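A short worksheet on the structure shown next.
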């Protein structure tokens, strides 16, 4: 098991069937109307002459305006309160370790990570405890998995740069 140092807030609780709905709903939020429109435009080839970074920034800005509008209208998105809160101390492509010894080995959990990606968002994850503070990831949504893996790769590169700087 290869893990690299990374500190990501996580909250979790023993898995229950009710968590399946939130797990799928959090993924559906990434498919909001502007996201669906962009997907269709890409499929039709309408975005081939558009700068992909600029397009992503524009979509993120649109989502932020939607968030602010919801705040002004006092529309609050409620997530299920979860029993435990901690922070990862190390992450890997299939596993992660938290600072606190809160897991029961063999127990399945539902959790949410505050993944520091752009745009920043909450990533739902279903995992199983290997020991008191190490877990194996069982389920991530496809887009979340890509962002999670990109985050790990970026952390690995940052650590390599730090090691090279120390050796110079």
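The values are calculated or read from the model by the stated rules, or taken from the named source; none is laboratory data. All of these numbers come straight from a predicted model, not from anything done at the bench. Note: ideal-geometry Cβ built from the backbone for every residue, glycine included; neighbour counts use all protein chains shown.
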Within the range 109-137, residues at pLDDT 95 or above, surrounded by fewer than 15 Cβ atoms within 10 Å (Cβ to Cβ) and in a strand (DSSP E or B) come out as 136
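Among the residues of the range 151-168, what is the count of those that are farther than 14 Å from residue 116 by Cβ and assigned to a helix (DSSP H, G or I)?
Of the residues in the range 151-168, the ones farther than 14 Å from residue 116 by Cβ are 156-157, 159-168.
So of that shortlist, the ones also assigned to a helix (DSSP H, G or I) come out as 156-157, 159-167.
Qualifying residue count for the region: 11.
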Just one listed residue, out of 164, 146, is exposed (fewer than 13 other Cβ atoms within 10 Å of the Cβ) and closer than 27 Å to residue 17 by Cα, and it is 146
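How many residues are under 21 Å from the mean Cα position of the chain (by Cα) and either modelled with pLDDT of 80 or more or surrounded by 10 or more Cβ atoms within 10 Å (Cβ to Cβ) (or both) when one looks only at the range 69-82? Lay out the reasoning, then the answer.
To start, the set of residues in the range 69-82 that are under 21 Å from the mean Cα position of the chain (by Cα) comprises 76-82.
When the remaining residues are screened for being either modelled with pLDDT of 80 or more or surrounded by 10 or more Cβ atoms within 10 Å (Cβ to Cβ) (or both), the result is 77, 79-82.
Residues meeting the conditions: 5.
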Going through the range 150-161 in order, the residues found to be closer than 27 Å to residue 66 by Cβ and surrounded by 15 or more Cβ atoms within 10 Å (Cβ to Cβ) are 151
Contact list, first residue from the range 1-20 and free of Cβ contacts under 8 Å to residues at least 24 places away in the same chain, second anywhere and part of a strand (DSSP E or B), beta-carbon distance below 9 Å, six or more apart or interchain, is 20/110; 20/126
The number of residues in the range 138-150 that are in a helix (DSSP H, G or I), touching a strand residue (DSSP E or B) at 6+ places or on another chain (Cβ under 8 Å) and modelled with pLDDT of 90 or more is 1
request  = With respect to residue 45, determine if the residue is in contact (Cβ under 8 Å) with a residue 24 or more places away in the chain and either surrounded by 13 or more Cβ atoms within 10 Å (Cβ to Cβ) or over 20 Å from the mean Cα position of the chain (by Cα) (or both).
outcome  = no
Of the conditions (1) touching a helix residue (DSSP H, G or I) at 6+ places or on another chain (Cβ under 6 Å); (2) more than 21 Å from residue 39 (Cα to Cα), the single one that residue 141 does not satisfy is (2)
